[in-house]
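Here's the structure, in structure tokens; my notes come after.
The values are calculated or read from the model by the stated rules, or taken from the named source; none is laboratory data. The shown structure was predicted, so the numbers you read here are calculated from the model rather than taken from an experiment. Glycine also receives a Cβ, built like all others from the backbone with ideal geometry; neighbour counts cover every protein chain displayed. Ligands, DNA and RNA are excluded from the accessible area calculation, which covers all protein heavy atoms including side chains. Shrake-Rupley method; radii C 1.70, N 1.55, O 1.52, S 1.80 Å.
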Amino acid sequence: MKFDGFETLAIHAGQKPDAGTGAVAVPIYQTSTYTQDGVGGLRQGYEYSRTGNPTRAALEENLAALEKGVRGLAFASGMAAEDTLLRAVLSPGDHMIIPGDAYGGTFRLVSKVVERWGVTWDAVDQSDIEAVRAAVRPETKVIWGETPTNPLLKITDVETIAQIAHDAGALYVVDNTFASPYLQQPLTLGADVVVHSTTKYLGGHSDVIGGALVVSDPELGEQLAFHQNTMGAVPGPFDSWLTMRGIKTLGVRMDRHTANAEKVVAALEKHPAVRKIFYPGLEDHPGHKLAERQMRSFGGMVSFTLRDGEEAALQVCKRTQIFVLAESLGGVESLIEHPGRMTHASTAGSPLEVPADLVRLSVGIESADDLVADLSQALEG
Ligand SMILES: *Cc1c(COP(=O)(O)O)cnc(C)c1O
């Protein structure tokens, strides 16, 4: 019998009881190297911890199972995962397409680093399928997507863009950080690579930085493992362990993130100080129907603009008491931020610039009534 329910996999995939002691929790193998039985005689296949470490391997197997991929690779951060992937698959002369409101760090990596190696790129609003089709060139090697996007929570059609990418001979990469594999599994919709900042929902407790790549093709997995070992941006055993510990409760946390976000959205909708709410769960959100099809629920990220402009947005960020003013997202605690001056400051003056009166919330799993009361008092002033 095959037990493959999501929550079962989150708790058990890759988590074999320790052979030496029977420990139920995977131990933190805090070692850099491994004894060999004679020259080249590896006892358990491990040689050196940049190449492989049992704690990291348990996390990698778990991630592959949750995304329904064949191979998972863990990295020291989401950006390390992105950098390793792009250097593995792109060469000078290639072209890539990124989202019109890409994660700020991805935009910076592509525009300030990858571009210097002779790679061209276009930023395209991928909720507009025809715009994606029109941006594809003969030299396009990667279409990079996010859904929902950050911070405007646009939804892109993963199945259709996978088709466009494959017709063009390009790889389709989906950054699944905002949704997490509990809400959507892009590989099952045709994506070739899933990218994560495990720092966010997967880790879930705002206590560890990490990243991951998961692929559906074993050969691509081998190629990325080669680059992971060659570049060496790997997470240590303790960070791998913390991430794994977080993942075990991903399902219950995501259910509560969504439930709380829905209550927060309902309160914001009624508030006169709020101009526009960006949340895929709203029926008038342009991607609502698609999100309903593609996602299990609409998640914990909510953005909104203020009737009274940027100054009002800054004031709300300053006045909340439970919502912590901080970058990042996906932890148990609610966070608030001003994308224009914080996470997305690097996009100023570019086509990816975000509205100045925008506030982004990462709705946590505290008591929903307290979260609503906190936002209400912050909006009243
Ligand atoms: C945070 C984040 C990243 C980068 O991950 P780090 O772990 O901070 O390096 C990439 N993509 C998205 C969508 C993110 O939110």
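Quick look at the numbers
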quantity: The range 73-107: number of residues that are of a type in the set (S, T, N, Q), within 11 Å of the ligand (Cβ to nearest atom) and assigned to a helix (DSSP H, G or I); calculated: 1
quantity: Odd one out for Val234, checked against (1) closer than 29 Å to Gly281 by Cα; (2) buried (at least 20 other Cβ atoms within 10 Å of the Cβ); calculated: (1)
quantity: Gly381 at positive phi, out of contact with any Leu (no Cβ under 9 Å at 6 or more places or on another chain) and without any contact (Cβ under 8 Å) to a residue 60 or more places away in the chain; calculated: no
quantity: Leading residue by the ranking (farthest from Leu109 (Cα to Cα)) among those in the range 67-87 that are among the charged types (D, E, K, R) and open to solvent by 30 Å² or more (accessible area, probe 1.4 Å); calculated: Lys68
quantity: Test: residue in the range 108-124 that is at pLDDT below 95 and within 13 Å of the ligand (Cβ to nearest atom); calculated: yes
quantity: The one condition in (1) farther than 25 Å from Glu222 by Cα; (2) free of Cβ contacts under 8 Å to residues at least 12 places away in the same chain that Leu42 fails to fulfil; calculated: (1)
quantity: Residue check, His205 within 16 Å of the ligand (Cβ to nearest atom), part of a loop (DSSP other than H, G, I, E, B) and in contact (Cβ under 8 Å) with a residue 40 or more places away in the chain; calculated: yes
quantity: Filtered residues of the range 183-218 (kept if farther than 14 Å from Gly69 by Cα and not aliphatic (A, V, I, L, M)); calculated: Ser197, Thr198, Thr199, Lys200, Tyr201, Gly203, Gly204, His205, Ser206, Asp207, Gly210, Gly211
quantity: Flag for Gly287 being open to solvent by less than 20 Å² (accessible area, probe 1.4 Å), more than 19 Å from Val316 (Cβ to Cβ) and touching an Asp or Glu at 6+ places or on another chain (Cβ under 8 Å); calculated: no
quantity: From the options Glu82, Glu61, Glu115, Glu47, residue that is farther than 21 Å from Gly232 by Cβ and of a type outside the set (Ser, Thr, Tyr); calculated: Glu115
quantity: Single residue of Val194, Val174, Val158, Val214 found to be among the β-branched types (Val, Ile, Thr), free of Cβ contacts under 8 Å to residues at least 60 places away in the same chain and within 16 Å of the ligand (Cβ to nearest atom); calculated: Val174
quantity: Every residue from the range 178-191 that is within 16 Å of the ligand (Cβ to nearest atom) and either open to solvent by 10 Å² or more (accessible area, probe 1.4 Å) or in a helix (DSSP H, G or I) (or both); calculated: Phe178, Ser180, Pro181, Tyr182, Leu183, Pro186
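For (1) modelled with pLDDT of 95 or more; (2) within 16 Å of the ligand (Cβ to nearest atom); (3) in a loop (DSSP other than H, G, I, E, B), each residue gets a yes or a no:
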site: Ser297; (1), (2), (3): yes, no, yes
site: Phe304; (1), (2), (3): yes, no, no
site: Leu314; (1), (2), (3): yes, no, no
site: Cys317; (1), (2), (3): yes, no, no
site: Glu327; (1), (2), (3): no, yes, yes
site: Gly330; (1), (2), (3): yes, yes, yes
